[in-house]
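The values are calculated or read from the model by the stated rules, or taken from the named source; none is laboratory data. Everything numeric here is computed off the predicted structure, so don't read it as measured data. Backbone-built Cβ (ideal geometry, glycine too); neighbour counts: all protein chains shown.
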Amino acid sequence: MLYVIGDLHLSLNSDKKMDVFPGWEGYVERIRKGFSLLKAEDTCVLAGDSSWGMSLEESLEDFRFIDSLPGSKIILKGNHDYWWNTAAKIQAFFQKNDITTIRVLHNNAFPAEGAWICGTRGWMLADPEAANHDAKIMRRELMRLEMSLKAAGEGEKLCFLHYPPKTKAAEFTQLIELMKDYGVRRCWYGHIHRMGSHNAFVGEYKGIEFRLIASDLMDFTPRLIEPCESIKIVPC
């Protein structure tokens, strides 16, 4: 079975502690309990902000914790994943440290449960013309998502992002249109936590179903992704 969760914000070897914030008390053990519903053959997508570590080495204890959880995990980049490096260097680091259940979603796609896991970090919702820096990053994220979608084979393309492609006030129009062009009908994103969830968009827009899966909004429990044939509102 396939699951998804975002924004674990682990910090087992860093000074950043999320449990000082309301609703995050004891969150590491709550994550462990939430993952207990998974089996070894299941897969969970981690939609960014997995570790507060500033480097791969500083994040090692967080990766070991993730590795100890049931199932396979597929991670993508979030805005606080300062440890992020090239996919090859990340996978080499995992291999060196005997981390066997984590794979990296970056310019690629993975088959799971008859569908394809695709995605990228995305970017903050802003006018691309407002700053050349933002426009450059947005073009790069569009390119990375298209590479991921192109890498997918036959079957439903499931899209996972860290940043929301749409809120109640704004949208990343080019990214949404790209998903439409490749037939994406379901998209999950994180980044927005409980304090800002009133601004989040959840529901169907332009034929795509959007879901917010930040961990503190789901009691730190991965959400099951239902098979395509069980989703009546989304044509396959």
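List of remarks:
- Qualifying residue in region 85-95 (condition: closer than 27 Å to LEU56 by Cβ and in a loop (DSSP other than H, G, I, E, B)): yes
- Residue tally, condition surrounded by fewer than 13 Cβ atoms within 10 Å (Cβ to Cβ) and among the small types (Gly, Ala, Ser), over region 14-54: 3
- When the residues of region 172-196 are filtered to those that are out of contact with any helix residue (DSSP H, G or I) (no Cβ under 7 Å at 6 or more places or on another chain) and in a helix (DSSP H, G or I), the one that is modelled with the lowest pLDDT is GLY196.
- Of all residues in region 137-170, those satisfying the criterion of being part of a strand (DSSP E or B) and more than 16 Å from the chain's Cα centre (by Cα) are GLU156, THR167.
- Count of residues meeting criterion [small (Gly, Ala, Ser), more than 18 Å from ASP42 (Cβ to Cβ) and touching a residue at least 40 places away in the same chain (Cβ under 8 Å)] in region 91-115: 1
- Condition broken by ARG144, with the remaining ones in (1) out of contact with any helix residue (DSSP H, G or I) (no Cβ under 9 Å at 6 or more places or on another chain); (2) among the basic types (Lys, Arg); (3) crowded, with 22+ Cβ neighbours inside 10 Å satisfied: (3)
- Options GLU209, GLU204; residue that is surrounded by fewer than 19 Cβ atoms within 10 Å (Cβ to Cβ) and under 18 Å from the mean Cα position of the chain (by Cα): GLU209
- The one condition in (1) modelled with pLDDT under 95; (2) polar (S, T, N, Q); (3) within 21 Å of ARG223 (Cα to Cα) that SER72 fails to fulfil: (1)
- Pairs with Cβ under 9 Å, 6+ apart, first in region 1-30 and more than 21 Å from GLY71 (Cα to Cα), second of a type in the set (Lys, Arg) and at pLDDT 90 or above: TRP24/ARG30
- Count of region 51-85 residues which are without any contact (Cβ under 8 Å) to a residue 40 or more places away in the chain and under 17 Å from GLY34 (Cβ atoms): 7
- Any hit, region 141-158, residues being modelled with pLDDT under 90, of a type in the set (Asp, Glu) and within 24 Å of HIS80 (Cβ to Cβ): no
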